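What follows is one structure encoded as structure tokens, with my remarks underneath.
The values are calculated or read from the model by the stated rules, or taken from the named source; none is laboratory data. In this text the structure is predicted, and so the values were computed from the model without any measurement. Methodologically, a virtual Cβ is constructed for each residue, glycine included, from the backbone with ideal geometry; neighbour enumeration extends over all protein chains shown.
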Amino acid sequence: MDSKLIEFLNSHASCRNFTSQKISPEQERIIVTTAQRSPTSSNLQAYSIVGVREQATKVRLAKLCGSQDHVAQSSLFLVFCADLYRLSALNKSRGYSFTGEWTELFIVATVDTSLAACRALMTAQAMGMGGVMVGGIRNDPEAVCKLLNLPEFVYPVMGMSLGFPNKKPKVKPRLPLQAVYFNERYIPSLFEESISEYDRTIDSIGYLKGREVRPEDYPEFQGEYSWSEHTARQMSGDNRSASVRTHMLEFLKSRGFLRK
């Protein structure tokens, strides 16, 4: 067993503050080529990666992502895209019909993209860099597509800010194992106490202080603002903020996805 590798994998922490040190073209190549070795369904490799270094483009993307400064400050910003366009072009060149509008192909492409992004981040971290996944790339996906010239059957799944950290980021605790791992069968009752335990853990490190979700909408709330409360507000049917991104279904259909 490679205990150092396991220790490295368990050391993940998001990094949003970078030094001025630049990621070299060779380091960029290593990150991307290593990401290519991630698992892929049926070897379809249904994803593409757009690397952005141009400052004006990063500034624009930072605004589109919800004014996240680390996007503009990053040495390299990667946009991971689910990509069925390449496969559709392949079919078209051979005179075959194409089934990219089916939901399963959307899932395949999204999973492929996510696996590649995960490995890219781990590779960057292994080289002493830091980074953070950016879901805000989906806040205004149509504008992102126009900016990056993404064709039909391509959509941005996530962004990734990369650079060299100016301080070591803190590792955030996760839910207790019994909340997410079940033997043989899913048993809902098992995670209730685990969530309470996690609430206490998150409260003890003060992670949510000053990060309340829309406190103005809950003036009568008198309880302890826990991870449970924070998460419930994020998932509430009353939440129409960018985190829900209600525009995504119509956007994806307009790109050719999820029509069947």
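Could you please find all residues in the range 56-67 being in contact (Cβ under 8 Å) with a residue 60 or more places away in the chain and either crowded, with 22+ Cβ neighbours inside 10 Å or assigned to a helix (DSSP H, G or I) (or both)?
Matches in the range 56-67: THR57, ARG60, LEU61, LEU64, CYS65.
In the range 180-200, what residues are of a type outside the set (A, V, I, L, M, F, W, C) and modelled with pLDDT under 85?
Hits for the range 180-200 are GLU192, GLU193.
Contact list please: Cβ distance under 9 Å, first residue in the range 134-153 and part of a helix (DSSP H, G or I), second residue surrounded by fewer than 19 Cβ atoms within 10 Å (Cβ to Cβ) and among the basic types (Lys, Arg), pairs at least six apart or on different chains.
GLY135/ARG245; ARG138/ARG245; PRO141/ARG245; ALA143/ARG60; LEU147/ARG60
For the range 186-203, state whether one or more residues are more than 24 Å from LEU121 (Cβ to Cβ), more than 20 Å from the chain's Cα centre (by Cα) and part of a loop (DSSP other than H, G, I, E, B).
Looking for residues that are more than 24 Å from LEU121 (Cβ to Cβ), more than 20 Å from the chain's Cα centre (by Cα) and part of a loop (DSSP other than H, G, I, E, B), one finds at least one in the range 186-203, hence yes.
Considering the range 67-102 alone, what residues qualify as being within 20 Å of the chain's Cα centre (by Cα) and either β-branched (Val, Ile, Thr) or at pLDDT below 95 (or both)?
If the condition is that a residue be within 20 Å of the chain's Cα centre (by Cα) and either β-branched (Val, Ile, Thr) or at pLDDT below 95 (or both), then VAL71, VAL79 are the ones that fit.
For the subset of the range 111-142 comprising residues that are surrounded by 18 or more Cβ atoms within 10 Å (Cβ to Cβ) and β-branched (Val, Ile, Thr), which member is nearest to ASN17 (Cα to Cα)?
Ranking the candidates gives VAL132 first.
List the number of the failed condition for SER20; all other conditions in (1) more than 25 Å from GLU142 (Cα to Cα); (2) surrounded by 18 or more Cβ atoms within 10 Å (Cβ to Cβ) hold.
(2)
Return yes or no: is ARG86 in contact with a strand residue (DSSP E or B) (Cβ under 9 Å, 6 or more places away or on another chain), surrounded by fewer than 21 Cβ atoms within 10 Å (Cβ to Cβ) and over 15 Å from MET160 (Cβ atoms)?
The answer is yes for ARG86.
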